[in-house]
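Visitor: Encoded as structure tokens, here's the structure I'll be asking about.
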């Protein structure tokens, strides 16, 4: 029987020991490595060759999210499950973007944890129900962002993109063949529609809302 090889990454020894005991009750699960930091994880992974990693979010040095991102980039065959106390939807979104296949709160029961391990190994991602609602609320909120994007005129979008490139009013005016007064009028409308009061804030809001994108 091929065992599921697990690595535990958490800066608390008691958490690692407790999780090891819970997992190794099962005949088909073997904890092959433990790490107290993200750097240790990255250094040990080549030798340990885990199938699955339980990753804490906040650790000394490299964060669990960044460690998960590096693991998923370098070892795409390894499944990462974030195991944490944090219910913040931002952590959830960042973990998913990093490539994690699961997000589980540490209050999870043993039987459920074992089921999650097997589900993730069968390519069935898991999102803890306690954080799922926050993520859905965020996604629902994206609809408002889309509506806001749609209220921008084509000319306003052109001005916004040039602001993001660092162009001043005169350069924008010359590029779009309009007056500087008209440029400033468009910028005023952009501020109002985006709910901001500066160029930097306008660019930051447009990037975070997906209205404009960075290259690369």
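Visitor: Given the peptides 12-19, 185-192, 93-100, arrange them by the average over their residues of other C-beta atoms within 10 Å, most packed first. Could the numbers behind the result be given before it?
Guide: Details: 12-19: 14.2, 185-192: 16.0, 93-100: 19.4.
Going by the mean number of other Cβ atoms within 10 Å, highest first, we get 93-100, 185-192, 12-19.
Visitor: What is the order of 79, 161, 107, fewest Cβ neighbours within 10 Å to most? Provide the component values of the computation, followed by the final result.
Guide: Details: 79 25, 161 16, 107 8.
The most exposed by this proxy come first: 107, 161, 79.
Visitor: Moving on. Among 32, 131, what is the fewest-to-most ranking by other Cβ atoms within 10 Å?
Guide: Values: 32 16, 131 21.
Ranked by crowding around the Cβ, least crowded first: 32, 131.
Visitor: Just want to confirm a number: the relative contact order over segment 4-134, from Cα pairs under 8 angstrom separated by 6+ residues, in percent. The partial results should precede the final answer.
Guide: Numbers: 226 pairs, mean separation 26.4, N = 131.
In percent, rounded to a whole number, it is 20.
Visitor: Calculate for the chain the 222 nm mean residue ellipticity that helices alone would give, adding -39,500 (n - 2.57) per DSSP H run of length 4 or more and normalising by residue count, nearest 500 deg cm²/dmol.
Guide: Rounded to the nearest 500, the figure is -17500 deg cm²/dmol.
Visitor: Determine, for 91, 103, the number of other Cβ atoms within 10 Å of each Cβ, and report the residues in order from fewest to most.
Guide: Values: 91 20, 103 26.
Ordered from fewest to most neighbouring Cβ atoms within 10 Å, 91, 103 come out as 91, 103.
Visitor: Compute the long axis of helix 129-151 from its Cα atoms, compare it with the longest principal axis of the Cα atoms of the chain, and write down the angle in degrees, 0 to 90, nearest 10.
Guide: Rounded to the nearest ten degrees, it is 20.
Visitor: Angle, helix 154-164 long axis vs. longest principal axis of the chain, Cα atoms, 0 to 90°, nearest 10?
Guide: 70 degrees
Visitor: Calculate how steeply helix 13-23 sits against the longest principal axis of the alpha-carbon atoms of the chain, using the helix alpha-carbon long axis, and give the answer as 0 to 90 degrees to the nearest 10.
Guide: Between helix and principal axis, roughly 70 degrees.
Quick note: the coordinates plus some simple rules give every number you see, no bench work behind them. Being a predicted model, the structure only gives us computed values, none of them experimental. We place every Cβ from the backbone using ideal geometry, glycine too, and count neighbours over all the protein chains shown.
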